[in-house]
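Note sheet for the following structure.
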Amino acid sequence: SEACSTDSDTPDWSFDETDYQLNSGVTAVVYFDGEVQGGTGDLLASFASDGTLRGVASPAGSISFGPYEGTSYFEITVYANGDESGISFQYYSASLNGIFALDETLDINPPNASGSVVSPVLLHGNASDCDDESACNTGYGGNCVYPDTGYDCDGNCLVEYDCAGYCGGDLEWD
């Protein structure tokens, strides 16, 4: 589960690539409210339909020719063990310090690539602020982020610790 913080923390989007036998390259351009994204520290992550992380990439720079010349883009490798339907994407904006769900999903067929610099996969999101007062990031950009059960937004345990020192745990002394 995602840590609950409004501090400038890059998400820990890490996984073991060796868990997968195949991959597909995806060349993508990300838009928020019609504006191209791809700033320093930004990340694009891909997720399988079961929610497992399948790839992460930083901006690859600007496209140097063609109809998207000068546009920031991402070259993300999506890992799989075969064809996958419904690959979804999330975007971390360092400048907005938020994680945003992107609207599109993609079907991949490893090792075939999706998109190119002349015809990238276009991913869209909305950079509106979270307006849920019970969220940790109220008033900030990105999807609303909530604390883990039993914790507040600063990571403090709000319930009792069990005998093993787990917040909200159910272990008891014999």
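The values are calculated or read from the model by the stated rules, or taken from the named source; none is laboratory data. What you are looking at is a predicted structure, and each value in this text was computed from that prediction instead of being measured. Ideal geometry is used to build each Cβ from the backbone, glycine not excepted, and the neighbour counts take in all protein chains shown. Note: accessible area is taken over every heavy atom of the protein model, side chains too, but ligands, DNA and RNA are not part of it. Shrake-Rupley method; radii C 1.70, N 1.55, O 1.52, S 1.80 Å.
Remarks
- Accessible surface, per residue, of region 1-154 when the full set of protein chains is kept, probe 1.4 Å, Å²: 51
- Here the chain has 44 percent of its accessible surface on carbon and sulfur atoms, given a 1.4 Å probe and all protein chains in place.
- Neighbour-limited loop hits for GluC sites (Glu not before Pro), region 79-174 (at most 10 other Cβ within 10 Å; DSSP other than H, G, I, E, B): Glu133, Glu160, Glu172
- Given (i) 18.7; (ii) 20.6; (iii) 17.8, the label whose value is Kirkwood radius over Cα pairs in Å derived from this model: (iii)
- Under-5 Å amide H pairs with Ala127, H placed in peptide plane, nonlocal only: Asp33
- Note on the chain: with charges restricted to the Cβ of Lys and Arg (+1) and Asp and Glu (-1), its dipole about the Cα centre is near 980 debye.
- Qualifying chymotrypsin sites (Phe, Trp or Tyr not before Pro) for region 70-174 [loop in DSSP, other Cβ within 10 Å: at most 10]: Trp173
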